[in-house]
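Input: a single structure, listed below in structure tokens.
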Amino acid sequence: QLTVLTRILAKTGILTHNYAYLNLSDWWMQSAYLDSRMPVAMYTSPGVVLPKMHFQDRQGQMRFAAKLIAGVLDFKSMIDSETLPVEYLGGKPLCMDQYYQVLTSCRIPGPKRDVVMNYAIGKTPPSHITVVHNFQFFVLDVYNSDGSPLTVDQIYVQLEKIWNSSLQTNKEPVGILTSNHRNTWGKAYNNLIKDKTNKESVRAIQKSIFTVCLDAPMPRVSDEMYHNKVAAQMLHGGGSRWNSGNRWFDKTLQFIVGEDGSCGLTYEHAPAEGPPIVFLVDHVVDYMKRTEMVRTPMIPLPMPQKLRFNIPPEIKKDIEKAKQNMNIMAHELDVRVLNFTHYGRKFPKSHKMSPDAFIQMALQLAYYRMYQTCCPTYESASLRMFRLGRTEAVRSTTTESLQFTKAMDDPSKHNSEKAALLEKAIKVHREHTHMAIHGQGIERHMLGLKMMAIEDLTSLPEIFMDTSFAVAAHFNLYTSQVGSKTDCVMCFGPMVPDGYGICYNPMDDHINFAVTAFNSCEETNAMKLSQFLEDSLLDMKTLLEQVSKTQ
């Protein structure tokens with residue numbers, strides 16, 4: 001891969017430049033997120049589903065939300081004091097910068113390109129969160145005058161006040177504007193903030209540490225459909241009749257607590273990848289388990305401030321359009337959660353195989369069985385070994401993976417041969433992953449090449465005009481492992497109209513998958529692919545067990 005890249009660079013003459021100081025992360029954030037004009041909900045923002053809680057009423061919902069807020073503030077204290085432990089991979093320290101970007105930040109729409117603002121940088125960083133209930137936003141100060149965070153009891157009292165002053169549901173869901181196509185939202189945004197009251201309200205949301213969405217109960221569904229429904233809630237809120245208006249999708253972090261016990265979060269992807277978010281989730285879940293609630297003398301606290309919006313006819317029209325678009329989008333995305341309970345990461349480890357590579361080969365097999373062909377596959381890999389590093393792509397489809405998938409259902413092949421091909425495919429995947437995380441992948445080099453040519457106003461290197469380049473970059477399988485200690489599942493939409501988004505969390509004895517596809521595409525079917533995936537994982541286990549027996 002690198003020799004090919006060097007040849008391309010030499011050919012274009014770009015190797016003669018000294019670009020050592022250019023920050024590839026900025027280019028990545030710009031091209032992958034801020035330049036994209038698709039809605040962030042569903043297209044780029046992932047959702048995280050937490051295990052179902054056992055409350056069924058508003059008191060339980062408030063109590064849980066209060067504990068959750070206290071847990072995030074506990075995490076924030078490590079950020080503020082810079083005592084967050086540095087993470088290591090293979091003995092090497094990882095860049096921790098992304099952790100400092102997820103709180104007190106927000107995406108701001110622009111007519112052609114968005115920006116991300118981080119309000120923590122400044123003399124007086126914000127000390128409030130925003131809470132939204134029944135489409136109405138409130139500013140909740142979460143620190144006492146002496147700088148100490150509010151206790152769980154104090155937060156609970158404040159949430160009760162918010163609940164009681166937002167009982168009417170007939171309010172205009174201003175937040176749904178943030179779910180729109182970015183150009184449409186950019187125009188509506190400029191109209192909205194012309195009004196002084198609106199501008200102040202919007203700024204209060206943008207500057208808040210994070211947002212908590214107190215959701216109405218979801219429509220009742222069968223137990224087997226429950227996880228799919230909750231995952232969809234986390235991604236887009238279920239449509240304008242449900243909770244899509246109870247969001248500010250530009251906010252980096254939004255924790256979602258439903259009255260029916262469903263909970264999780266959605267995050268705007270531009271400032272950070274999944275791992276820092278999952279680390280935060282693990283910290284908060286752990287905090288909520290261990291806290292002995294501190295009883296506090298109940299000093300009267302000021303009423304949380306309700307944010308006012310003036311809605312002229314033009315903005316009302318924008319809201320109506322956004323509602324229609326959101327309903328189309330919510331209907332368009334098929335989300336399937338597969339709780340694979342037959343085994344987890346311990347099984348491939350017992351056969352000295354990488355759990356991640358093993359799962360990737362199961363995805364290759366599932367896709368091959370469904371379509372009798374392989375496809376370009378993207379697996380996200382971290383570049384945090386480098387300062388400000390974001391991601392590189394591991395291309396999971398290889399000559400070796402194809403040989404394995406073809407052999408798997410070939411009756412003329414012996415099991416030992418199939419197992420050997422699986423082992424080889426896994427070994428190659430491991431090598432590609434190692435290259436990617438050590439800065440030797442292809443995708444980001446190519447991005448840098450392209451951006452340099454654009455910024456230098458030189459002609460774009462021929463490779464970018466080649467049809468094969470476009471085909472290779474059309475990722476029908478867009479995948480990511482987001483490992484968490486918490487039994488949660490992350491989900492995101494497909495990268496291409498005729499593709500799948502697949503996220504997985506391998507636990508010791510089970511694996512949580514979320515598979516998404518667009519209903520409007522006749523070739524894709526999330527449910528069908530999930531079934532093929534389950535069968536592939538089972539068949540691969542059977543294969544290894546049979547081969548072990550004969551050895």
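The values are calculated or read from the model by the stated rules, or taken from the named source; none is laboratory data. Everything numeric here is computed off the predicted structure, so don't read it as measured data. Reconstructed Cβ throughout: ideal geometry from the backbone, glycine too, with neighbour counts over all protein chains shown. Just so you know, the surface numbers come from the protein's heavy atoms only, side chains and all, with ligands and any DNA or RNA stripped out. Shrake-Rupley method; radii C 1.70, N 1.55, O 1.52, S 1.80 Å.
Which of the helices (runs of 4 or more DSSP H) contained wholly in region 1-50 include at least 3 residues that are modelled with pLDDT of 85 or more?
Ranges flagged: 24-29, 40-43.
Based on what the data block shows, is D260 open to solvent by 10 Å² or more (accessible area, probe 1.4 Å), under 30 Å from R387 (Cβ atoms) and either part of a loop (DSSP other than H, G, I, E, B) or in the same structural domain as Q59 (by the TED database) (or both)?
no
Specify which of the listed residues (V86, V72) is out of contact with any Ser or Thr (no Cβ under 6 Å at 6 or more places or on another chain) and at pLDDT 95 or above.
Within the list V86, V72, the selection yields V72.
Run G245 past the list (1) outside any loop (DSSP other than H, G, I, E, B); (2) buried (at least 24 other Cβ atoms within 10 Å of the Cβ) and report the number of the one that doesn't hold.
Exception for G245: condition (1).
Scan T458, T405, T398, T467 and give me the residue that is of a type in the set (S, T, N, Q), out of contact with any Leu (no Cβ under 8 Å at 6 or more places or on another chain) and within 20 Å of A366 (Cβ to Cβ).
T398
Which of the residues that make up region 67-119 are under 15 Å from A272 (Cα atoms), of a type in the set (D, E, K, R) and surrounded by fewer than 17 Cβ atoms within 10 Å (Cβ to Cβ)?
Listed by number, the list holds a single entry, D97.
Identify the residue in region 155-187 that is over 23 Å from Y43 (Cα atoms) and of a type in the set (F, W, Y) and, among all such residues, is most open to solvent (accessible area, probe 1.4 Å).
Y156
Given the criteria out of contact with any Asp or Glu (no Cβ under 9 Å at 6 or more places or on another chain) and under 21 Å from Y226 (Cβ atoms), does L68 qualify?
In short, yes.
Determine, yes or no, whether V337 is in a helix (DSSP H, G or I), under 28 Å from S480 (Cβ atoms), touching a residue at least 24 places away in the same chain (Cβ under 8 Å) and open to solvent by less than 30 Å² (accessible area, probe 1.4 Å).
Spelling it out, it is not the case that V337 is in a helix (DSSP H, G or I), under 28 Å from S480 (Cβ atoms), touching a residue at least 24 places away in the same chain (Cβ under 8 Å) and open to solvent by less than 30 Å² (accessible area, probe 1.4 Å).
Condition first: among the β-branched types (V, I, T), in a loop (DSSP other than H, G, I, E, B) and open to solvent by 10 Å² or more (accessible area, probe 1.4 Å). Now tell me which residues in region 188-227 satisfy that.
Of everything in region 188-227, those that are among the β-branched types (V, I, T), in a loop (DSSP other than H, G, I, E, B) and open to solvent by 10 Å² or more (accessible area, probe 1.4 Å) turn out to be I193, V221.
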